[in-house]
Amino acid sequence: MDFNDKDIRKISLLILILVLAVLVFILVKPILLSILGGLILAYTFFPLYKVVLNKIKAKNTAASIISVFVILLIIIPLYFLAPLMINQVFEVFQYAKTVNSQNFIKGLFPSAPESFIVQLTVTADNIISKISSGVLNYLINFLLEIPTILFNLIIVAFVFFFALRDGDKLSEFFSALSPLEKSQEKKLVQQFKDITNSVVYGQIMIGLVQGIIAGLGFFIFGIPNALILTLLAVVLSIIPLIGPFILWGPAVIFLFLKGNTVATTTYLIYNVFIVSTIDNILRIYLLTKKTKLSQAIVLIGMIGGLFIFGVLGLIIGPLLLAYFLTFLEAYKDKNFSSLFKSD
């Protein structure tokens, strides 16, 4: 194949772009998750930004108002809840050290041989000790890394502000770079929006609301360590096919064993008819029915994302997996070469 000057210039430019892309990736790699977090947060609050912008007609002011609102939305609960959370973690740690595993196991297996009881007690004590130490070490490491966390939060805030303010320009920029035909590009963009809405609003936001409502039940009905259980309920509500039942189910048994029949019945009704149904009600209002993302895809994406990206992987993981499957679907439906713009 013969190359003319134009082809050589194109190849040289492509190589230069690839080299710069690699260098840029190396440059932003330490703060990549913070950048992605800011972009996801901006996507989440972009509809609210549009409402404010329609009233104010000034992008900088509208973006500033939403930024301050989100910062207060994060800082105010943390200011009040963080000390309580730390205290409850230490209370659980102290309680775990006083638990008599042997008596508990004897109660579960009253007729078991003594050697079995002893072996199971040693195993249970080791598990409790490792979990308690792991949680305590994680808390200590978290406190030591507060300066780094604050630095990353500042980056998230900057990305969030500029992504809100310049969202339309960014969309036009990437659309101009896209090699796809306009019709196919429009279809893929809509699919990406549906997928992103399904993950961000369908899993994350709805899970957050469901977890908080489950947490209110812990506080109202006097379940011990309600704050820790609330945080766990939020995480379990976000993860597909699990939900907060794992927590409120044993809590019902706890209230029943205390002998309070009225509280037990009321708490059970609260969870069955409010906590367990609120997610379905919210999905009707927040999500369109155009795209139903498979729960299996979301679950696999969340688990893989959690291992690779940490907590933020609960969002990034399923998005990456769903986007990849969307491109595969486009390839299956139409020859991939025909998707691209002709010269």
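The values are calculated or read from the model by the stated rules, or taken from the named source; none is laboratory data. Bear in mind that the values here come from a model prediction, so they are computed numbers and not experimental data. Here the Cβ is made from the backbone with ideal geometry for all residues, glycine too, and neighbour counts use every protein chain on show. Quick note on the areas: whole protein, heavy atoms, side chains included, nothing else; ligands and nucleic acids left out. Shrake-Rupley method; radii C 1.70, N 1.55, O 1.52, S 1.80 Å.
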Enumeration of residues in the stretch 136-155 that are open to solvent by less than 70 Å² (accessible area, probe 1.4 Å) and under 27 Å from Q94 (Cα atoms): L136, L139, I146
Residues satisfying the stated conditions in the stretch 292-316, i.e. surrounded by fewer than 17 Cβ atoms within 10 Å (Cβ to Cβ) and at pLDDT below 75: K292, S294, Q295, V311
Residues of the stretch 45-70 that turn out to be touching a residue at least 24 places away in the same chain (Cβ under 8 Å) and crowded, with 18+ Cβ neighbours inside 10 Å, as a count: 7
Number of positions in the stretch 234-255 that are part of a helix (DSSP H, G or I) and either on the phi > 0 side of the Ramachandran plot or within 13 Å of the chain's Cα centre (by Cα) (or both): 5
Lone qualifier among I26, I40, I35, I8 - being out of contact with any strand residue (DSSP E or B) (no Cβ under 6 Å at 6 or more places or on another chain), over 25 Å from V189 (Cβ atoms) and surrounded by 10 or more Cβ atoms within 10 Å (Cβ to Cβ): I8
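Let's see how each residue does on (1) of a type in the set (D, E, K, R); (2) modelled with pLDDT of 80 or more:
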residue: I128; (1), (2): no, no
residue: V135; (1), (2): no, no
residue: N141; (1), (2): no, yes
residue: E145; (1), (2): yes, yes
residue: F151; (1), (2): no, yes
residue: V156; (1), (2): no, yes
residue: F162; (1), (2): no, yes
residue: R165; (1), (2): yes, yes
residue: S175; (1), (2): no, no
